[in-house]
Amino acid sequence: MQRDLQILLSAPALTGKELEFMRDAVTRQRISGDGHFTRLCQELLKKEIGSERVLLTTSCTSALEMCAILLDIGSGDEVIVPSFTFVSGANAFVLRGAKPIFADIHPDTLNINEALVERLITPRTKAIAIVHYAGVACAMEPLLAISKTHGIPIIEDNAHGLFGKYQGRPLGCLGTFATQSFHDTKNVTCGEGGALVINDARFIERAEILWEKGTNRKKFFAGLVDKYTWVDIGSSFLLSDLQAAFLFAQLEQAAQIQSVRHSLWQRYYDALQPLAQRTGISLPFVPADCQHAAHLFYVLLPDQSRRDQLMRFLRSKNIESAFHYLPLHLSPMGRGFGYQEGDCPVTEEISGRLLRLPFHNQLTEDEQNRVISAVAEFASLEVR
């Protein structure tokens, strides 16, 4: 009996113009950073998000590192960050000498628990870095109130959240900074890439200097200085224009990409909701004031043992699935900062129960039916 073809967990969406635009970039004989397609992407993103300035970067990690430099984060400083996030969310600040102050998450949205944030603030707190998990907005109203009261900037790690909204406002325009990811697992991609979103104009000039390896090259090309030189720290943060050309093709078709993703997300939710009501499986939660970005779809099993059993069951059906973040506070690095089990109990529990299902624009209706049927079959075996 022939085995069904493998269903991939993730695959990049192709719109049809990626190679055409990349050829265009080559024809222009400018494939390094800050070229024609870089500027097109930056203007499109600026308009979409409603920000003061957008700079394409080599990754979301690079954008986070720029945030740390722009806020002059250094030795002895602290940055509040959820333990349930990718390692870059802590690394960017640790590289500058800061200590990550790990916060726990809500059990429903899996976003940082804003009620816990204020008690973690000390005189050494330099930033609050939040993550819109799965493209569902954090509770930004209370977080922004905390930010204003204490004068502490918020960084939105918006790697999951491009095209999502909170109370009608685009994610990425709410904090002092936001960071985007265009990794090939994201809704729109160029393989590897990111962006720094600047919502406070006071930081634009220095951000451009950091972006240009610490030089005032931008001023030189604008005719404001007769030569450019080294004026600040910086690094090679620019995305190549060849990658920007690929990305621009994706951004031009973002509405279509998002439409497909929302249809897939809703189909999973509608098909699995009756099952969830009969079993111990939980589905993603989207608050009424949020418009999610349809970044991923996950289920929460009653415990880690059953999560691992479902993962093996799906594998036997040739269906890829995956858990997600491991608690950063319990990693070797996290323990090195003095954290231990029980410090973020919701994160510890959720991490062991979460399973991501195949979710990407190339997922066909038949393939999605196979996934839904397999999850239902597993649940029926559990009920027996």
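Laboratory data are not the source of any read-out in this text; all were calculated from the coordinates shown. Since the model is a prediction, treat every value here as computed from it, not as a measurement. Positions of Cβ are backbone-derived with ideal geometry, glycine not excepted, and every protein chain shown enters the neighbour counts.
In table form, for the structure just shown:
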read-out	value
Per-residue HN-Hα couplings for the range 321-332 [Karplus 6.51, -1.76, 1.60; θ = phi - 60°; Hz; x = Gly/Pro]	8, 7, 6, 10, 4, 8, x, 5, 5, 9, 6, x
The range 293-362 versus the range 161-209: alpha-carbon centroid distance in Å	25
Centroid-to-centroid separation of the range 14-47 and the range 101-153 [C-alpha atoms, Å]	35
Relative contact order of the chain, defined on C-alpha pairs under 8 angstrom at six or more residues apart (%)	23
Nearest-20 debye value, the range 254-383 charge dipole, Cβ charges on Lys, Arg, Asp, Glu	220
Per-selection Kirkwood Rh - the range 254-383 (Cα, Å, 1 d.p.)	16.0
Order by protection proxy (mean Cβ within 10 Å, highest first), peptides 271-280, 168-177, 257-266	168-177, 257-266, 271-280
Tilt relative to the chain, helix 18-27 - C-alpha long axis, 0 to 90 degrees, to 10	20
Partner lysines for Lys99 [C-alpha distance under 29 Å; skip if fewer than 8 residues away on the same chain]	Lys126, Lys148, Lys186, Lys213
Anisotropy class of the range 282-333 from Cα gyration tensor, a/c 1.5 cut	oblate
DSSP beta bridge pairing in the chain, given as percent antiparallel to the nearest 5	60
Cα gyration tensor shape for the range 62-120, rounded if a/c is under 1.5, else prolate or oblate	prolate
Helix 60-70 axis, angle to the chain major axis (alpha carbon atoms, nearest 10°)	40
Under 5 Å, built H, 5+ apart or other chain: amide partners of Arg53	Ile198
Burial ranking of peptide ranges 211-217, 241-247 (average Cβ count within 10 Å, highest at the top)	241-247, 211-217
Neighbour-count ranking [beta-carbon atoms within 10 angstrom, fewest first] of Cys190, Cys344	Cys344, Cys190
Neighbour-count order for Leu300, Leu14, Leu19, fewest beta carbons within 10 angstrom listed first	Leu19, Leu14, Leu300
³J(HN,Hα), Karplus 6.51/-1.76/1.60, whole Hz, each residue of the range 296-312, x for Gly, Pro	8, 10, 9, 10, 10, 8, x, 7, 5, 4, 6, 4, 5, 5, 5, 4, 5
Loop-located trypsin sites (Lys or Arg not before Pro) in the range 1-103, at most 12 other Cβ atoms within 10 Å (DSSP)	Arg3
